[in-house]
Amino acid sequence: MLVLPNQNEFQQANPIAGIALISVTSLPNNRVRVAITGVDAPPVAVVSPSPQGLALTITPGTETTATDGDAIQVVVTGQEDGYAPSNATTATRTDTPLRDIPQSIQVIPRQVLEDQQVIRLEDALRNVSGVAPGDNFGGTRDQFFIRGFQQFNIFRNGFRDERIVFQETATIERIEVLKGPASVLFGSLEPGGIINVISERPLSEPHYIFDIQLGNFGLVRPQLDFTGPLNEDQTVRYRLNAVYEGANGFRDFDQDIQRFFVSPVLSWDISENTNLLFEFEYSYDERPFDRGIVAIGDEVADIPRDRILGEPDDFLENTAYSLGYTLEHELNQDWQIRNAFRFSSSETLDLKADSNSVDEDTGVLSRIFASNDDIRHLFDAQLAMIGSFTTGAINHDMVVGVDYFRNYSQGTNRELPGETPVLDIFNPDYEVIPQPALEDLTVLTRDSSSTLDVFGVYVQDLVSITDNLKLLLGGRFDFADQESVFNSSPSSRYDQAFNPRIGLIYQPIEPISLYASYSRSFAPNFGTISDGETLEPERGTQYEIGARAEFLGGRLVTNLALYNLTKVNIADTDPNDPTFTFFVPIGEQRSRGVELDVAGEILPGWNLITSYAYTDAEITEGTFGVPDRSRPANVPEHSSSLWSTYEIQNGDLQGLGFGLGLFFVGERQGDNQNTF
């Protein structure tokens, strides 16, 4: 039995009697080609998983079946199971072992999502240290804080997704969360980190799965997952995911949630060295628009948790789709080229009685009947060369690439003329007047459009100075051009920036990696001030040290990180804007802390994923009413999680499993002014 090593190609002559040569080549999309040549006859081979990797069992053939020049080839498509994946792609844009990454990165594999029955990205990311949910615009989108900094986009398969949508979890193979600036590979970004959702790919072996989830508050969620080959030689494969979700929610009036999602994917092996992947997603989502409850003084109002402060018919509906391709071609055994493109679009419409201000003495809440109608179109094109070479005794794994991204958005906000009925939050009386029709909202308060074009050029080199000492070097130039029109007032801005990343990895023994890194980020501010002016770009800088260790033969993985991260020119929602449309700049924010993540299999059948984060975040230079030394909203100082499962390994109850989880979030500020 031979265990295949983790590298692009491996050859061994005469490994056992009767076998002349074995050759193993890594292919795109988690595939491996194994070619085995017998001495006198074609051999018999079986590929199977083992705790250390893929295991190849070879039996020499008999001479009666011999054919000159015969060799058998086996192509294996693999997917990592368990709680402790060994590799990730987000940190380097290549399939890199976690132990060779000089930055904190956590991977949430499919197994965790299935065990926890996750249907929202927010539920999955509770397992990651330093990640907290953000302002999700009335419960209608995914938005998060990483290391104390708000993230305004999610990545899907390496593509930026800035649409106002919930990410569908049914198609997720794994979620990778890279902490700290990632601008060197992904361009304009917030410095807290990047959330990259990796989708499942079509498989060569057919399978057909249908399941249904039932839950509290009328949750019904059927979904299907079909995959397999479309031709005999399995060079064309498909995958189809479809989901319907209906629910009521825990708030008053049984407001319905309706969601539909479908995603067909097609993979075509044009040749042994070339693969073309087509992807399409469509979703329709309608749900209540609900801002939650208000604060009285420095405390949350003492009212029932199921009470809404809008109107029973407040809603938001979203229609979104995306389509794209990824083309990968191996030029030779050392170099490959990757070209990818994705177009994404969303249209969002809401109508609600939006909260404005509350009289703290009487509990009377003033409101505004308003509607946002927004569209967003995203274009993302990428081209990269990926390869390895040596200079003397030093090995290099290099990525060189260019990318272009465009974000076009257009939207309006309209309000009902006259006064919207107020609401007594302690004794509410709803539907004093019927919900107005959209055409009745004639007061135009926002008519805006904006276009952001970003072009980037980057290079990265992972230098293996020795077997246990590695240096990661990277740099990127970004050129950003922004044009916007707000209520007939045009504005434009051009920015450019260079963002470096330097990391050092030292592995004193094989299971231990010690690292240190420095990185910077750049992000054009997409918002406007109330006078229509654009904001200065945000810049972030991080210093990080950490240790990553593997125990129990690699089954249990730990990551400990200490960091210091600062950002200047922060965009924050204008506290004087009741429509939540405008922004104000905050001078500087600093976040420093400690994070610990542990995941893996402790004993056969006993899996664990746990995390802890201490986040010391503060606004060190405040402006526009934000005092110095105030704590950013929604960022807890302490947070932790624990999830563990056990599956019976033998006997009559073999396969029966149990799971238990605990999640803790410390006290958080309600706004940047720290008023509650």
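The values are calculated or read from the model by the stated rules, or taken from the named source; none is laboratory data. This structure is a prediction, so every number in the text was calculated from the model and none was measured. With ideal geometry, Cβ positions are generated from the backbone for all residues, glycine too; neighbour counts draw on all protein chains shown.
Structure above, values below:
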item: Test: residue in region 626-635 that is without any contact (Cβ under 8 Å) to a residue 12 or more places away in the chain and either of a type in the set (Lys, Arg) or touching a Phe, Trp or Tyr at 6+ places or on another chain (Cβ under 6 Å) (or both); result: yes
item: Hits in region 272-309 (condition: touching a Phe, Trp or Tyr at 6+ places or on another chain (Cβ under 8 Å), touching a residue at least 60 places away in the same chain (Cβ under 8 Å) and farther than 30 Å from Val364 by Cβ); result: Asn275, Leu277, Glu279, Glu281, Ser283, Asp285
item: Those residues of region 468-485 which are out of contact with any Asp or Glu (no Cβ under 7 Å at 6 or more places or on another chain), aliphatic (A, V, I, L, M) and either modelled with pLDDT of 95 or more or under 17 Å from Thr96 (Cβ atoms) (or both), in sequence order; result: Leu469, Leu471, Leu472
item: Region 464-481, residues that are part of a strand (DSSP E or B), surrounded by fewer than 18 Cβ atoms within 10 Å (Cβ to Cβ) and not aromatic (Phe, Trp, Tyr); result: Ile465, Thr466, Leu469, Leu471, Leu473, Gly475, Asp481
item: Search result, residues across region 486-521 that are modelled with pLDDT under 90, outside any loop (DSSP other than H, G, I, E, B) and touching a Lys or Arg at 6+ places or on another chain (Cβ under 8 Å); result: Phe486
item: Unique residue being closer than 22 Å to Glu114 by Cα, in contact with a Pro (Cβ under 9 Å, 6 or more places away or on another chain) and in a strand (DSSP E or B) when the list is Ala599, Ala617, Ala613; result: Ala599
item: Condition broken by Gly553, with the remaining ones in (1) at pLDDT below 95; (2) in a strand (DSSP E or B) satisfied; result: (2)
item: Scope region 220-247; condition in a strand (DSSP E or B) and either over 24 Å from Glu173 (Cβ atoms) or hydroxyl-bearing (Ser, Thr, Tyr) (or both); matching residues; result: Val220, Thr227, Tyr238, Tyr244, Gly246, Ala247
item: Hits in region 638-657 - residues which are touching a residue at least 24 places away in the same chain (Cβ under 8 Å), among the hydrophobic types (A, V, I, L, M, F, W, C) and closer than 13 Å to Gly605 by Cα; result: Ile648
item: Residue check, Phe250 closer than 30 Å to Arg305 by Cα, assigned by TED's automatic domain parsing to the domain that holds Val454 and not in a strand (DSSP E or B); result: yes
item: Filter pass, Tyr430 being closer than 13 Å to Lys352 by Cα and either at pLDDT 90 or above or surrounded by 13 or more Cβ atoms within 10 Å (Cβ to Cβ) (or both); result: yes
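Yes/no matrix, rows are residues, columns are (1) free of Cβ contacts under 8 Å to residues at least 40 places away in the same chain; (2) over 17 Å from Phe405 (Cα atoms):
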{"residue": "Ile465", "(1), (2)": "no, yes"}
{"residue": "Gln482", "(1), (2)": "no, no"}
{"residue": "Ser489", "(1), (2)": "no, yes"}
{"residue": "Ala497", "(1), (2)": "no, no"}
{"residue": "Gln507", "(1), (2)": "no, yes"}
{"residue": "Ile512", "(1), (2)": "yes, yes"}
